[in-house]
1. Ignore the peptide's own chain and count Cβ atoms of other chains within 10 Å of each Cβ in B:179-186; give me the average, rounded.
2. For C:Lys105, B:Lys204, what's the largest-to-smallest order of accessible area, 1.4 Å probe?
3. State the three equivalent ellipsoid semi-axes of the protein assembly as shown, derived from the C-alpha gyration tensor as the square roots of 5 times its eigenvalues, in descending order and whole Å.
4. Quickly work out the B:Thr253-to-B:Met22 label distance, labels modelled 7 Å from Cα along the C-beta direction, and quote it in nm with one decimal.
5. As a test of reading the structure, rank A:Ile83, A:Ile71 by solvent-accessible area (1.4 Å probe, protein chains only), most first.
6. Have a look at B:His226, B:His140, B:His74 and tell me which one the Gaussian network model of chain B (Cα, springs below 10 Å) gives the largest fluctuation.
7. Please arrange B:Phe208, B:Phe80 by accessible surface area, largest first, computed with a 1.4 Å probe and ligands excluded.
8. Tell me the mean residue ellipticity at 222 nm calculated for the protein assembly as shown from its helices only (DSSP H runs of n ≥ 4, each -39500 (n - 2.57), averaged over every residue, nearest 500).
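The values are calculated or read from the model by the stated rules, or taken from the named source; none is laboratory data. Note that the coordinates shown come from a computational prediction; the quantities given were computed from them, not determined experimentally. Reconstructed Cβ throughout: ideal geometry from the backbone, glycine too, with neighbour counts over all protein chains shown. Calculation scope for accessible area: heavy atoms of the full protein, side chains included, ligands and nucleic acids excluded. Shrake-Rupley method; radii C 1.70, N 1.55, O 1.52, S 1.80 Å.
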Amino acid sequence: MQSSSTRDLMVGVFVLIGLMAIGWLSLRIGGLSLSREGGLVLFATFDDVGGLSRRSPVRIAGVRVGQVDSIELDEDLRARVVIDVQPDLELSIDTAAAIRTSGLLGDQFMSLEPGADDLLLESGDDFSFTESAWSVDALVGELVHGDADLESE
Amino acid sequence: MLGPVRRLGALAVARIEGLGRMTVFLGQVGRAMLRPPVRIGYVVRAVYDSGVLSIALICASGATVGLVLGLQLHNTLSRFGAEESLGTAVGLSLIRELGPVLTGLLVTGRAGSAATAEIGSMKASEQLDGLRMMAIDPIHFVVMPRALGLAIVMPLLSALFIFFGIFGAYLIGVEVLGLDAGSYLSRLENAVDFREDVLQSLVKASVFGILLGWIATWRGYACEPHAVGVSRATTSTVVTASVCILLADYVLTALWGV
Amino acid sequence: MSGTAKLRPLPGEFNPLVIRAEAEVAHVELCDVDLAFGRRVVFEGLTCRFPRGRISVIMGGSGLGKSTILRMIGGLQPPDRGRVLVSGQDTVGLGESAMAQVRRKLGMLFQNGALLDSMTVFENVALPLREHTRLCADEIAHQVHDRLQAVGLPDVDDLLPGELSGGMLRRAAFARAIVMAPEILLCDEPFSGLDPPNVSRIEVLLQHLNRALGLTLIVTSHHMATSLRMAEQLLLLQDRSVVSGAPAELAASRESAIAEFIGEDGAEFLARHLESSPQGSKP
């Protein structure tokens, strides 16, 4: 029989490992943010969000900086996307939001392309410039017909 | 002519009476948790018996299930050219279903049966009566720590199982079948939601743990006080707890979808 | 059928013990108790008294319910009907916590010891002290070693019950039963399976506890010689009922069932024993 202090230690380590696994699942995989209230919440309106969905990543230069919180239809029947990005980001008000695809058939994500203005976006602001999703159909059409005017904007 | 009907009635009454006793027992165990002294040492021992000693089993099973899932889902997904979604498919199935359910079944076989056998043999050898005669409540002293131990251990082991499952599928998908490592994990992260999936997984595992703690200790506590009774009770724990876990899984999944 | 056949002393024979026992207050009393397991009736209208500060030995063939009487006194087996009085308090139908209060007055030695497998002998004996007293660790260790010494087990502190022989197990259990200094000690077959030196050790210990502390002892046994030597009151279980009296009375009884049970050896032994100490076993 093991002495009880060894056992206590092993139980402690076990509980710690278990809690770490739960933490990993919740924070990393599940995307639970412990500092939710501090996030920068921004709005972007698109004609077509394509395959973008809740929890799709928001990237700047390919680096993940936040995620899509919700997608709703506004009064003008356009898609209104709420995103939640890191609060310390300094985004100028002429930053553009675009919906892009990783690879040809990959997931869709929102890409932010920083502008040059001195004024910064604050929580609750809308993006002035947005670029809708490119559908595969449209891309194929462009390739086949060489049709240049396919951008859905 | 009325004989079979009467027997059916007697059987139904006996079943309902059994359920009633089980419910009273659960109440006693619950009260025992709140009553001082807190038997932290015994709870730690129970966590050691049902948790620490199950780690190897859970990790090995989790990794194996992950490997198999990786192979099988890759095979299926590749028919639709969607191999890149392997991370999503593996993660969601492990987190939402396989992790909690398989952990529940494994812990039932590994630790639940042991708890029943231990309490049952303590009853058979008059150890529970001995405690009573020392004015020590066996529910507080023996049953409660073990039930609590099983309930604590289940979500922790389930999370470990999922971790190793995802790791196993990663090995197959990325190292063997040549998927992109970054896309495996990022797909997984994008697809899994905390409230929808991870929380559901943790709630399921906790409910299974409470169910198992309840059933395993009850079967031991109520077993007939001899060797045959103990072995029957042990078998019955494995059967009852497994069925209850599967049923509870369905109910929880259905409720979560609403 | 009358439950008790109380034997009167035979004419011309004087036994001070009987008179004293009858005049005394019963410490434990079973009144008109019925008990059946399924269809098997064990007791019907059982009535018996165990006087305070005396050694009562319950004898009888196996399966007649010797242990069951002890279990009823301890509240482990509720009777179907009737009353079980411990210090005058009816314990039938008491809740677990009220019963726990009654049990603090009781010590019980189970036939197979009933020590907790997962704890060492020391922890087993220390358990009641740790649960019910606020003694410091040193004081507990002192008391535990005191009791273990008394039962002749000085060096078994760190052994698990599974590592002890049957006799050592019984003695360790005995140490646990007396560690809280109970008023009433219930012993289920304390002598069975022990070698002669240990039988006499336990016997001496029981008598010492009885004399020095005034402990009420209720013992079941089919160890004839020891029972007859120790008993101040003897209860012979017969089918569903009990016959009680001082050993001398029963030995002299002409009733065939009793004579048969005690047997010639027993009667002879008793005669010799009583001759050598006419006052019985009391000082």
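1. Details: counts 0, 2, 0, 1, 4, 0, 2, 6.
The per-residue average across the peptide is 2.
2. Values: C:Lys105 55, B:Lys204 0 Å².
Ranking C:Lys105, B:Lys204 by accessible area, largest first, yields C:Lys105, B:Lys204.
3. Details: eigenvalues 1175, 119, 86 Å².
Values for the protein assembly as shown, descending: 77, 24, 21 Å.
4. According to this spin-label approximation, the distance is 2.2 nm.
5. On the way: A:Ile83 0, A:Ile71 55 Å².
Ranking A:Ile83, A:Ile71 by accessible area, largest first, yields A:Ile71, A:Ile83.
6. B:His226
7. Working: B:Phe208 0, B:Phe80 160 Å².
Listed by decreasing accessible area, they come as B:Phe80, B:Phe208.
8. Values: 23 runs with 341 residues, N = 694.
Taken over the protein assembly as shown, the calculation gives -16000 deg cm²/dmol.
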